[in-house]
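Scroll down for the structure; my scribbles are underneath it.
The values are calculated or read from the model by the stated rules, or taken from the named source; none is laboratory data. The structure displayed is predicted, hence computed values, not measured ones. Note that each Cβ is placed from the backbone with ideal geometry, even for glycine, and that neighbours are counted across all protein chains shown. Note: accessible area is taken over every heavy atom of the protein model, side chains too, but ligands, DNA and RNA are not part of it. Shrake-Rupley method; radii C 1.70, N 1.55, O 1.52, S 1.80 Å.
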Amino acid sequence: MKKCKCKKDRKCRSSKKTNKQKKSQCNPNPFADAVIPPCAEYLENENVLVLDGELIYRSVNKIYVFITTSASNNGPTGSLGEALETNVEISITTFIIGLFINQVQMGIIEYDKTKPIHPDEKIDLLIHQCLQNICEENQSDSEMNEKPKEFEKDEMGDQSDKSEGANDSQSENAAEFNYKLTFVISNGNAIATFVKYQINITELNYTILLALNRLEGDPGLYFPNNNYATPIPVNFYLAGLNIKFPIDQKCF
């Protein structure tokens, strides 16, 4: 080991930070050394924590986003109805893409095939192909609506009456499917969610988002456990929210 030849060299070596100092400056979990009091632990509460002579109450809420399906079968009058609902957690990126596709389908946002939607080129190409088909279908539908309607014949009117009666009987027994985007602010132990917002989407939009969820390959979202707090800035911010109170030594 070489000796220091000058005071400047000694100063530079002494200024190097130790591993302990580095850890103290960058602590990914400031509550790691906190203790849960016996009563809170018995009730399985995540609050309150005791750390450095203070009581700490943390925010345990996070943002979760899902694609939701609901199927219901009311059946004929007087019979028992059936309902089925599924929720699959998705990434915030996929959620925003779902909002964008919904706005395009509603005609609020004008579709531009030259602008990228997803950072992955293959996934971006898939989304654009689907949206181009949507735009072509909407254009053809608008052209059909502009054409003048022809007068129906009496025979066609009789047939339509019969078909309407058949359709009514079928609709009574047919299952009704709904697709939604769901935004939730809550935590895994909540009895009721703090915030829940849902928006209706089309079946095609749902199919695209489900495919994106699988193609992204996020291990935390592979199984629909629906309790994975995705590492986005807002979730880190929510996890850091807390209020502190001094400990009353008489109670401890």
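Treating r as the C-beta distance of Tyr197 and Asn45 and R0 as 35 Å, the FRET efficiency rounds to 0.80.
From most to least packed by mean Cβ count within 10 Å, the peptides 185-191, 41-47 give 185-191, 41-47. Sorting 84-90, 109-115 by average packing, meaning the other beta carbons within 10 Å per residue, from highest down gives 84-90, 109-115.
Taking each residue as 0.36 nm, the span from Ala190 to Val35 lengthens on full extension beyond its C-alpha to C-alpha distance by 53.6 nm.
Computed with a 1.4 Å probe on the full set of protein chains, the accessible area for Asp248 sits at about 80 Å².
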